[in-house]
Amino acid sequence: MLSPVTTGICAAGGCAVAAGLAAAGWAYASRHPASRLFGDALTAPRRPGEIAFTFDDGPNPAWTPHLLDALAAHNVHATFFLIGRFAQAEPGLVRRIAAAGHLVGNHSWSHPDLSRTAARDIREELRRTRDALEQITGAPVRFFRPPYGARRPAVLRIARELGLEPVLWNAMTNDWSEPSAERIVQTLSRRIGKLTEDGHAVNLVLHDGNHRDLGWNRQPSVTAAGRLLAQYARTHRLVRLDAWVEERK
């Protein structure tokens with residue numbers, strides 16, 4: 001059913017314009033990390049000087065171990081949003097992530113666009129991943145990041161029904177396709193600086209895996225992560241996402 005505004009535009013001969021506006025509105029609401037039109041999600045509090053390093057699309061047997069070494073070198077605990085089918089294939093690596101003190105989160109079973117996925121399949125993607133991660137680590141999984149940030153009200157509702165808190169971000173670059181670690185660092189450093197100046201903490205995303213396959217080359221992302229850790233471990237408080245949930249209670 002068309003809204004009264006859209007109906008009025010169509011009556012004036014502007015249906016194509018109305019359709020374009022509707023599509024743009026849907027894209028913003030369902031994918032932009034700052035949008036709350038479809039519901040709230042954890043991003044970052046107004047706590048300048050804090051950074052949560054988060055990593056998506058692992059575990060990756062080729063590169064996640066290097067990332068874990070870099071985090072350990074700086075005594076930093078991060079948050080890993082893991083793809084369920086990869087976690088099932090690499091349970092030892094998942095246990096290593098958890099044993100090192102990092103937070104393990106749910107990134108769905110197969111990395112679909114959940115904003116276009118049937119509700120029953122959304123539930124299965126999240127439930128299956130949650131159960132696999134909890135069986136591997138022996139600990140509850142509390143956080144969920146939708147692949148691509150793609151969501152609609154049903155995604156957020158189902159996540160919460162499964163005991164998962166939806167998480168987005170406020171600092172990302174195209175590290176999944178950027179071949180230069182230096183450019184990744186430069187882009188994220190600018191965003192960290194701007195968010196800090198504006199009085200916000202930073203929820204930073206990098207990718208240690210790729211949803212297409214295990215073992216994907218993530219050298220630029222992992223190298224950039226190491227440089228960012230070295231840069232900000234001296235000047236900022238680096239936290240896991242659950243620190244922000246506990247502090248807001």
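The values are calculated or read from the model by the stated rules, or taken from the named source; none is laboratory data. This one's a predicted model, so the numbers in the text were calculated from it and none came from an experiment. Note that each Cβ is placed from the backbone with ideal geometry, even for glycine, and that neighbours are counted across all protein chains shown.
Quick one: which of ASP40, ASP56 is assigned to a loop (DSSP other than H, G, I, E, B), out of contact with any Gly (no Cβ under 7 Å at 6 or more places or on another chain) and within 22 Å of ILE122 (Cβ to Cβ)?
ASP40
State all residues of the range 219-246 that are part of a loop (DSSP other than H, G, I, E, B) and either in contact with a His (Cβ under 7 Å, 6 or more places away or on another chain) or closer than 15 Å to ASP69 by Cα (or both); if no residue qualifies, say none.
ALA233, ARG240
In the list TRP216, TRP176, which residue meets the criterion of being touching a residue at least 24 places away in the same chain (Cβ under 8 Å), closer than 18 Å to THR64 by Cα, in the same structural domain as GLY84 (by TED's automatic domain parsing) and over 17 Å from the mean Cα position of the chain (by Cα)?
Matching residue, one of TRP216, TRP176: TRP216.
Take the residues in the range 89-109 that are surrounded by 17 or more Cβ atoms within 10 Å (Cβ to Cβ) and in contact (Cβ under 8 Å) with a residue 60 or more places away in the chain, then tell me which one is nearest to LEU71 (Cα to Cα).
HIS102
From the set of residues in the range 219-246 that are at pLDDT below 95 and under 22 Å from GLY105 (Cα atoms), which is nearest to the chain's Cα centre (by Cα)?
Only one residue fits best here, namely VAL245.
For the structure I just gave you, tell me whether ARG120 is surrounded by fewer than 22 Cβ atoms within 10 Å (Cβ to Cβ) and out of contact with any helix residue (DSSP H, G or I) (no Cβ under 9 Å at 6 or more places or on another chain).
yes
It is to be established whether one or more residues within the range 181-197 are outside any helix (DSSP H, G or I), modelled with pLDDT of 95 or more and on the phi < 0 side of the Ramachandran plot.
No, because not a single residue in the range 181-197 is outside any helix (DSSP H, G or I), modelled with pLDDT of 95 or more and on the phi < 0 side of the Ramachandran plot.
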